[in-house]
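The values are calculated or read from the model by the stated rules, or taken from the named source; none is laboratory data. Note that the structure is a prediction, hence the values are computed from the model and not measured. Cβ: placed from backbone, ideal geometry, glycine included. Neighbour counts: every protein chain shown.
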Amino acid sequence: MAQTIVTGTLRMSSGSSRVTAIPSAVYTVASSTPIQSTAIKGTDRYERYHGLIDVTAVSGATTLDVYIQGLAADGLSWFDMQHITQLAPTGAMQQIFSYTPVGVQDALLTAASMPVGSTSFTIPSQMRVWCVLATGTSMTFSITMEFIRRGQ
């Protein structure tokens, strides 16, 4: 079972909306338990997003995998929209990521690999952030995302 991190709702600001998907905290993983945000709702109103992974401290040799997931049309299944290249920080670092649905963004993400009911690469109505930290390690990090409306 995943460690669920409670997030706030999207806040409107000049046509875009910013949300802290994973708040800054020390995350320690004793097993392969993923860390996930709660669902971020209303994301289908936006055309694209960008975000920031902010690592402020690490303990030991560790890695962090971050997946941005969308809720499929069936309302039950989550699918990977984006997998940010695995991070292996040795200290403080920042990683920017972005997504613009103009076609297949990842060689592994194809129309054939999407769940039934997910027929396009538009932003779905709900999204979440799913993180996997190397077992037996700890890291202090946060993930913030900003959603941008069409024409902005």
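Within segment 53-74, the set of residues being under 23 Å from residue 122 (Cβ atoms) and at pLDDT 90 or above comprises 66, 67, 68, 69, 70, 71, 72, 74. For segment 31-86, name all the residues that are more than 27 Å from residue 136 (Cα to Cα) and within 12 Å of the chain's Cα centre (by Cα). Hits for segment 31-86 are 40, 49, 50, 70, 81.
Residue 1 meets each of the listed conditions (1) closer than 20 Å to residue 138 by Cβ; (2) modelled with pLDDT of 85 or more; (3) not in a strand (DSSP E or B) apart from (2).
Can we say residue 123 is at pLDDT 85 or above, farther than 17 Å from residue 23 by Cα and in a loop (DSSP other than H, G, I, E, B)? Answer is yes for this residue. Out of all the residues in segment 36-53, is one or more surrounded by fewer than 17 Cβ atoms within 10 Å (Cβ to Cβ), closer than 20 Å to residue 148 by Cα and of a type in the set (Asp, Glu)? Among the residues of segment 36-53, at least one is surrounded by fewer than 17 Cβ atoms within 10 Å (Cβ to Cβ), closer than 20 Å to residue 148 by Cα and of a type in the set (Asp, Glu), which makes the answer yes.
Within the option set 138, 118, 142, being at negative phi, at pLDDT 90 or above and either surrounded by fewer than 19 Cβ atoms within 10 Å (Cβ to Cβ) or part of a loop (DSSP other than H, G, I, E, B) (or both) holds for one residue only, 142. Contact map, segment 17-43: first residue closer than 19 Å to residue 68 by Cβ, second residue outside any strand (DSSP E or B) and at pLDDT 85 or above, Cβ cut-off under 6 Å, separation 6 or more or different chains; pairs are 43/123. Tell me which residues, restricted to segment 56-89, are aliphatic (A, V, I, L, M) and either under 20 Å from residue 17 (Cα atoms) or touching a Ser or Thr at 6+ places or on another chain (Cβ under 7 Å) (or both). Once the filter is applied, which keeps residues that are aliphatic (A, V, I, L, M) and either under 20 Å from residue 17 (Cα atoms) or touching a Ser or Thr at 6+ places or on another chain (Cβ under 7 Å) (or both), segment 56-89 yields 57, 58, 68, 71, 72, 73, 81, 87, 88.
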